[in-house]
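Step one of this worksheet: look at the structure below.
The values are calculated or read from the model by the stated rules, or taken from the named source; none is laboratory data. Values in this document were obtained by computation on a predicted structure and should not be read as measured data. Cβ placement follows ideal geometry from the backbone for every residue including glycine, while neighbour counts extend to all protein chains displayed. Keep in mind that these areas ignore ligands, DNA and RNA; they rest on the heavy atoms of the full protein, side chains included. Shrake-Rupley method; radii C 1.70, N 1.55, O 1.52, S 1.80 Å.
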Amino acid sequence: MSAQYQVHGGIAVITLNNPPVNGLGYATRLGLTDGLTKANADAAVKAIIITGAGKAFSGGADIKEFGSPKAVQEPNLLSVILAVENSAKPVIAAVHSVCMGGGLELALGCHYRIAAPGCNVALPEVKLGLIPGAGGTQRLPRALGVEPALNMIVSGEPVKSELLAMLPGQKLFDKMASSAEALADEALTFAGEVAEARPLPLVRKLPCQHPLGDAYFQFARNMVLGLSKNFPAPGQCVDAVEAATKQKFDDGMAVEREIFINLMLTSESKALRHLFMAERAASKIPDVPADTPQRAINSVAVIGAGTMGGGISMNFLNAGIPVKMLEMKPEALDRGIATMRKNYESQVKKGKLKQDKYKQRMSLLSTTLSYDDLKDADLVIEAVFEEIGVKEAVFKELDRVMKPGAILASNTSTLDVNKIASFTQRPQDVVGLHFFSPANVMKLLEVVRGDKTAKDVLATVMGLAKKIKKTAVVSGVCDGFIGNRMIEQYGRQGGFLLDEGCTPQQVDQAIEKFGFAMGPFRMGDLAGNDIGWAIRKRRYSEKPDMKYSRTADLLCEKGRFGQKTGAGWYDYVPGKRDAIPNAEVVQMLEAHRTSLGITPRKISDEEIVQRLVYALVNEAAHILEEGIATKASDIDMVYLMGYGFPIYRGGPMNYADQVGLFNVVQAMNRFAQNPLDDAQFWQPAPLLARLAAEGKTFN
Ligand code: NAI
């Protein structure tokens, strides 16, 4: 059982013990109820303390039980809280460090609460598309006041215990301990003081009203709905708290329950819970055990101070890790550093970074023109021009100078990491670290695992990714890795849609309505259409059978490279990012259709979205089957963190699962009939066809 029971001078202490954060899993709940029974049966016990071992009081539900029947097996959390309330002897929650979700709901069921300062208190269920489901929406408003409670429930964000204790009239904390260290002793003293108090106070008996009544809830609802489009849970937090003010406690509990159960079934909550689990799963590599030793990374070298080199360096400076940048010429270093300074200074201006922090970060940066100066770095990341000859020269130099055991990484976005590794005598130390632009902002990091990359190198870079606050996903070696390999198919579909009659604007609007941050054409303009052009030119000779729309090439032939030239699929006004439709582009598309003898047809938004998204899904199924990605959820992480796929749809694989793979395959078979599309591409990947036929899902 995951709870300990001890008696100290007439006070029973039940200590939740389920590392890392004392999640309220089945065994912990059982331990807790057993402790309560024992304490109530022991005449020598006068009062009962519930506290948590280690780093938390309790972080709430046990994520290991997420979605499994164990999560609700009796005694479920509601029953445990009832048992606490019904205890004949006073129960005191002694909370510290982390008191969240079900942990806070448990504390609210206790007769008294004593808190250590510095404790993070929260009801974060809304972040999973839910509302608190064990009385949180009914008890917190009673204990804390309606307004602060609703703020906490809607935001899901933690608030420090000492701040909550200062709220006028609050009954959440009966006492603050003088320090975290003193909590255990002071809780025992407090328990002694209240041991004989009767009747026992219950939060459920406290009054619950807002002085503005209905008007307050109207304001709150307007505000919340305005901010939370696409997500139903925040608005329903308001409904549940309103019920707390208008209904009897038990009726309010029934409202909370009903909302909670309905939200569990929504696709938004499923997507958010999927994201939560996928994020944790991404850091685990099937054949690299969690206890694989990691190499120490105390200093980093970056080769190339261009767009990527600068952004990559900032990540490490922000994490307090010294960086040495190498370039070919002093001017290039000056340019690179000036850009980094500009970035930091705009953060300072916006109040996001303190001046002294900025100085401290820049003081960790040094530069050089000589490879010999890099020899002591623990990790070197190459971000030079995307040409294999240039990479070869750089990696040969690195192999010559770097100390044994140093990790040699490349930020290449398209080149073969195995080939790059072969330029060295130590391919086991070589790995791809594919950052996304802007590298200091984008959360995603594709870790490209070469055939010979050592396991401890992988373990090290996965650990390092966490330190620099990136979400790392492992990809095998292939052209484009996970993300760009899929986006190529999506881009190809975008081209066919133009051939057949769409305008760039229509395509962008349809997929943006679906929830993408940016449609393919606005994205092309942002990234630079010339980049895709260069890739396609290579493809035309590598894969002469692959069908492409010529529209993007025609655009580039006009020099319309995107935002950087002020003109791409759209026009741009200097200094602004608004995409303005351009008549010349529309004419260009019409002339192109005429030259191919295509009569344009009206294409529905639904078809646009299906073709773009299912193109991602089918390519992803190939990627999964080839073992380039080890889990479907990794592919979802790549798209959610790096490509602006709508969070509330949970990534392409989760979305396809929800649509039903059978339905996805049916649509693909329809698209294959379209003579202007690529019938071969729409052959369902074998994995997809198999799962669809068996009625299974990716995740
Ligand atoms: P960039 O052209 O902005 O910067 C490259 C820098 O490398 C230049 O400052 C150049 O002077 C320097 N350089 C070239 N050869 C060198 C050498 N032999 N030794 C030292 N420095 C040298 O290029 P960018 O965009 O930063 O790309 C760098 C790498 O990152 C490429 O492999 C690219 O494919 C990859 N990448 C680029 C992304 C992007 O969005 N720009 C995204 C992800 C990866």
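Some observations on this one:
- Tally, over region 565-580, of residues that are open to solvent by 30 Å² or more (accessible area, probe 1.4 Å) and either in contact (Cβ under 8 Å) with a residue 12 or more places away in the chain or at positive phi (or both): 3
- Here MET442 clears all of (1) within 11 Å of the ligand (Cβ to nearest atom); (2) open to solvent by less than 10 Å² (accessible area, probe 1.4 Å); (3) within 17 Å of the chain's Cα centre (by Cα) except the condition numbered (2).
- Checking each residue in region 153-178 for being assigned to a helix (DSSP H, G or I), more than 29 Å from SER269 (Cα to Cα) and of a type in the set (A, V, I, L, M) picks out LEU163, ALA165.
- Long-range neighbours under 7 Å by Cβ, at least six apart or interchain, first residue within 23 Å of ASP416 (Cβ to Cβ) within region 362-388, second among the small types (Gly, Ala, Ser) and within 9 Å of the ligand (Cβ to nearest atom): GLU382/GLY304; GLU382/SER410; ALA383/GLY304; ALA383/GLY306; ALA383/GLY309; VAL384/GLY304; GLU386/SER413
- Qualifying residue in region 413-420 (condition: away from the ligand (no atom under 13 Å from the Cβ) and open to solvent by less than 10 Å² (accessible area, probe 1.4 Å)): no
- Residue within region 584-592 that is surrounded by 14 or more Cβ atoms within 10 Å (Cβ to Cβ) and touching a Phe, Trp or Tyr at 6+ places or on another chain (Cβ under 9 Å) present: yes
- 1 or more residues among the polar types (S, T, N, Q) and under 29 Å from the mean Cα position of the chain (by Cα): qualifying helices (runs of 4 or more DSSP H) within region 645-699: 652-659, 661-672
One line per residue, one yes/no per condition, for (1) assigned to a loop (DSSP other than H, G, I, E, B); (2) within 16 Å of the ligand (Cβ to nearest atom):
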| site | (1), (2) |
| --- | --- |
| ARG280 | no, no |
| ASN298 | yes, no |
| ALA301 | no, yes |
| GLY311 | no, yes |
| MET314 | no, yes |
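- Of all residues in region 524-564, those being open to solvent by 70 Å² or more (accessible area, probe 1.4 Å) and either assigned to a helix (DSSP H, G or I) or not acidic (Asp, Glu) (or both) number 14.
- Yes/no for ASP287 being over 20 Å from the mean Cα position of the chain (by Cα), outside the structural domain of GLU382 (by TED's automatic domain parsing) and within 19 Å of LEU464 (Cα to Cα): yes
- Residue match in region 49-62 (condition: under 30 Å from SER155 (Cβ atoms), of a type in the set (Lys, Arg), open to solvent by 30 Å² or more (accessible area, probe 1.4 Å) and touching a strand residue (DSSP E or B) at 6+ places or on another chain (Cβ under 9 Å)): yes
- Complete set of residues in region 153-188 that are within 20 Å of HIS8 (Cβ to Cβ), of a type outside the set (Lys, Arg) and surrounded by 14 or more Cβ atoms within 10 Å (Cβ to Cβ): ASP174, ALA177, ALA180, LEU183, ALA184, GLU186, ALA187, LEU188
- Some residue of region 65-72 being open to solvent by 10 Å² or more (accessible area, probe 1.4 Å) and either at pLDDT 95 or above or not assigned by TED's automatic domain parsing to the domain that holds LEU144 (or both): no
- Here LEU369, LEU408, LEU379, LEU458 are screened, and the one residue that is in the same structural domain as ILE321 (by TED's automatic domain parsing), within 11 Å of the ligand (Cβ to nearest atom) and either aliphatic (A, V, I, L, M) or farther than 19 Å from ILE321 by Cα (or both) is LEU369.
- Some residue of region 186-199 being assigned by TED's automatic domain parsing to the domain that holds VAL238, basic (Lys, Arg) and in a helix (DSSP H, G or I): no
- Any chance LEU16 is among the hydrophobic types (A, V, I, L, M, F, W, C), crowded, with 22+ Cβ neighbours inside 10 Å and over 13 Å from ILE92 (Cα atoms): yes
- For region 565-593, the tally of residues that are of a type in the set (A, V, I, L, M) and part of a loop (DSSP other than H, G, I, E, B) stands at 2.
- Test set (1) crowded, with 22+ Cβ neighbours inside 10 Å; (2) near the ligand (Cβ under 9 Å from one of its atoms) - VAL447 fails condition number: (2)
- Check on ASP553, acidic (Asp, Glu) and in contact with a helix residue (DSSP H, G or I) (Cβ under 9 Å, 6 or more places away or on another chain): yes
- Every condition in (1) under 21 Å from LEU445 (Cβ atoms); (2) near the ligand (Cβ under 10 Å from one of its atoms); (3) open to solvent by less than 20 Å² (accessible area, probe 1.4 Å) holds for ALA332 except the one numbered (1).
- Flag if LEU150 is part of a helix (DSSP H, G or I), closer than 27 Å to ALA243 by Cβ and either open to solvent by 80 Å² or more (accessible area, probe 1.4 Å) or of a type outside the set (Ser, Thr, Tyr) (or both): yes
- Verdict on ASP508 being surrounded by 22 or more Cβ atoms within 10 Å (Cβ to Cβ) and at pLDDT 95 or above: yes
- Among the residues of region 252-271, those identified as under 25 Å from SER633 (Cβ atoms) and open to solvent by less than 20 Å² (accessible area, probe 1.4 Å) are LEU263, SER269, ALA271.
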